[in-house]
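The values are calculated or read from the model by the stated rules, or taken from the named source; none is laboratory data. Owing to the predicted nature of the structure, the values given are computational and were not obtained by experimental measurement. Cβ atoms come from the backbone with ideal geometry, glycine included; neighbour counts cover every protein chain shown.
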Amino acid sequence: MEIRCGDLSWNSLFYWLLFFIHQDTYALSFSLSLCRFSRYSVSPFSALSRCGIKHPKPLPFFGNMFMFDIYPSLDQSNCYYLGRMPVVVVADPDILRQVTIKEFSTFPNRQYVINHTKPVSDGLQLLRDEHWKRVRGILTPSFSGAKLKEMVPLINTTINTLMNILNAHAKSGEAFDIHRCFNCFTMDVIATVAYGIQLDSQSNPDDRFVHFAKKYFIAPAFNPLMLLVVAFPFLKVPLLSLFPNKSRAEMDSFFINCIQRIIKERDEQPPEQRRRDFLQLMLDARNSNECVSMDQFDMGNHANEVGHGNQQTDQSVSEQDCHQPQASSAKSSQKRTITDDEIVGQALVFLLAGYETTSSTLAFTCYLLALHPECQRKVQDEVDQFYCRHESPDYFSVQELKYLDMVISEALRLYSPGFRFARTIDKECVVNGQLLPKGAYLEIAASYLHRDPEYWPEPEKFIPERFTPEAKANRHPCVYLPFGAGPRNCVGMRLAQLEMKMALVQLFRRFNVVTCSETKVGCLPPSQLQYCVTV
Ligand code: HEM
């Protein structure tokens with residue numbers, strides 16, 4: 001039965017009422033969502049100010065990521081938001097010593113990159129906590145003096161190729177880009193020491209290894225989806241599975257197959273026929289039953305605590321290492337084994353971390369010596385004297401080249417490939433009286449420190465004498481960090497130094513490097529010079 005009320009039946013009244021209520025609910029839930037959305041857009045942006053850390057005003061969702069001029073004008077209080085991530089920039093050597101060395105156990109990790117695929121995700125650079133400790137403990141002994149000595153013949157073969165190429169250029173009398181030659185050289189060195197592959201990338205630029213390796217260094221084109229990921233990081237995984245990076249997958253599978261094939265070949269070879277390279281050292285560790293503890297860690301560049309005492313002997317390194325506070329405080333032992341996946345990851349990380357870094361340092365060293373012929377003459381005199389004593393350079397003899405060492409150190413000060421590196425702040429803590437927010441990155445501003453006039457008078461000038469033993473002893477050890485600091489420093493530092501010195505000693509024995517009309521001179525920021533050096 002229907003009750004009538006004018007034209008309106010109770011039924012239609014009920015529906016009208018329901019409609020208004022719903023509209024209200026819609027409106028309410030819409031305004032609630034809007035509130036939530038706008039709260040979400042700014043929610044992380046109180047983390048820095050809560051800790052009393054100054055920063056520029058962030059934009060909703062994107063923080064300060066469009067303020068590209070932040071870095072050059074950096075001062076110690078210049079922290080920022082990279083998207084939603086708070087970044088605490090540290091350029092205070094005392095805080096750096098605290099974070100990277102004394103309180104290493106609180107800051108053992110580098111930035112957390114979600115959803116990085118294998119094999120990159122298995123590489124030392126991205127590993128975290130105990131996983132990193134185990135793999136680093138296995139790799140570190142591979143970079144000892146004794147092991148690097150075994151790499152010398154492999155490096156020498158690639159230097160011969162480099163010398164032939166430079167010779168051809170010198171004979172032609174034409175200007176050329178020496179950075180390219182060094183790129184090929186460092187690629188060949190890594191291929192031989194980490195993959196057991198004899199390459200000649202200069203003569204075979206179409207080789208598949210060279211082709212895929214170079215692809216890792218091509219900056220990805222701007223992708224608007226990245227902005228979406230910056231604003232909504234939780235969308236990263238679904239977006240990546242919806243729009244997979246095919247080119248990346250192709251590169252990854254090339255390297256995985258390449259290393260797996262070589263591992264298989266090595267396993268089938270009699271032990272005495274196996275090549276002595278990093279790959280074999282890792283394969284030997286795969287079957288080892290030994291335990292590794294933090295005591296065995298190479299704290300690396302800790303002459304004067306972290307300084308880059310390039311002249312260190314193995315003995316001096318291990319003596320210092322034993323006295324590092326964090327080594328004794330973290331004595332956990334782990335089984336010294338490494339899986340095939342991890343071996344592939346490390347081989348790739350050697351390429352990613354050791355190729356461009358080493359080649360650009362070689363290029364900048366030559367660039368600076370071409371601009372400073374008086375320093376080049378000193379290097380050549382030292383090299384000539386070196387050859388009166390030695391037939392060819394090796395791991396121990398290159399350590400006699402004190403002036404060359406000073407020149408490389410100064411080139412690394414001015415043009416550090418690792419111009420900034422990071423640690424994560426996994427829990428809220430106080431360092432040197434400064435409260436640091438949980439979940440932030442701690443960005444170590446190495447290139448800022450390297451040009452800080454407080455520690456480096458006339459910082460833009462190339463003055464190798466800044467690295468005499470006396471000058472180094474009088475400086476705070478944490479104002480010079482080309483290879484990082486503490487137990488998480490560059491594991492390949494000694495290989496890089498060996499490779500660079502062996503190449504430069506042969507180069508300056510035979511050639512002079514001179515500038516040409518294309519050589520850029522002046523106070524250009526490193527970012528502009530990085531890829532356009534011509535000598
Ligand atoms: C001139 C050459 C090089 C420079 C300037 C350099 C610089 C650096 C820097 C600044 C870091 C970060 C350190 C830190 O966070 O404290 C690093 C890490 C690393 N480097 Fe190098 N590097 C060079 C060559 C190499 C080479 C040749 C290799 C390998 C063959 C290598 C492998 C690595 C690895 C695996 C890491 C990560 C270490 C870890 O997380 O435990 N680097 N490097």
- Residue satisfying condition, being without any contact (Cβ under 8 Å) to a residue 24 or more places away in the chain and under 16 Å from residue 413 (Cα atoms), within set 460, 454, 465: 454
- Query: If you scan the stretch 188-208, which residues turn out to be within 16 Å of the ligand (Cβ to nearest atom) and part of a helix (DSSP H, G or I)?
  - Reply: 188, 189, 190, 191, 192, 193, 194
- Failed item, numbered, when residue 132 is tested on (1) surrounded by 17 or more Cβ atoms within 10 Å (Cβ to Cβ); (2) under 30 Å from residue 66 (Cα atoms): (2)
- Query: Scanning for something at pLDDT 95 or above, buried (at least 22 other Cβ atoms within 10 Å of the Cβ), farther than 30 Å from residue 116 by Cβ and under 28 Å from the mean Cα position of the chain (by Cα), does the stretch 357-364 turn up at least one residue?
  - Reply: no
- Query: For the stretch 399-423, which residues satisfy the criterion of being away from the ligand (no atom under 13 Å from the Cβ) and surrounded by fewer than 21 Cβ atoms within 10 Å (Cβ to Cβ)?
  - Reply: 399, 400, 402, 403
- Task: Determine whether the stretch 200-222 contains at least one residue that is within 26 Å of residue 359 (Cβ to Cβ), of a type in the set (Ser, Thr, Tyr) and buried (at least 17 other Cβ atoms within 10 Å of the Cβ).
- Result: yes
- Query: Of all residues in the stretch 126-161, which are within 13 Å of the ligand (Cβ to nearest atom), out of contact with any His (no Cβ under 8 Å at 6 or more places or on another chain) and more than 16 Å from residue 194 (Cα to Cα)?
  - Reply: 127, 128, 129, 131, 132, 133, 134, 137
- Task: Considering only residues that are more than 6 Å from the ligand (Cβ to nearest atom) and surrounded by fewer than 24 Cβ atoms within 10 Å (Cβ to Cβ), look in the stretch 480-496 and name the one that is farthest from residue 103 (Cα to Cα).
- Result: 494
- Do we find a residue being within 23 Å of residue 521 (Cβ to Cβ) and either within 16 Å of the ligand (Cβ to nearest atom) or modelled with pLDDT of 95 or more (or both) anywhere in the stretch 424-436? no
- Task: Filter the stretch 167-199 for residues that are surrounded by fewer than 21 Cβ atoms within 10 Å (Cβ to Cβ) and farther than 30 Å from residue 256 by Cβ and give the result.
- Result: 167, 168, 169, 170, 171, 172, 173, 174, 175, 176, 177
- Message: As an exercise: evaluate residue 108 against (1) assigned to a helix (DSSP H, G or I); (2) under 21 Å from residue 482 (Cα atoms) and give the number of the one condition it does not meet.
- Response: (1)
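Taking residue 241, is it among the hydroxyl-bearing types (Ser, Thr, Tyr) and in contact with a helix residue (DSSP H, G or I) (Cβ under 9 Å, 6 or more places away or on another chain)?
Values: among the hydroxyl-bearing types (Ser, Thr, Tyr): yes; in contact with a helix residue (DSSP H, G or I) (Cβ under 9 Å, 6 or more places away or on another chain): no.
When the stated conditions are applied, residue 241 does not pass them.
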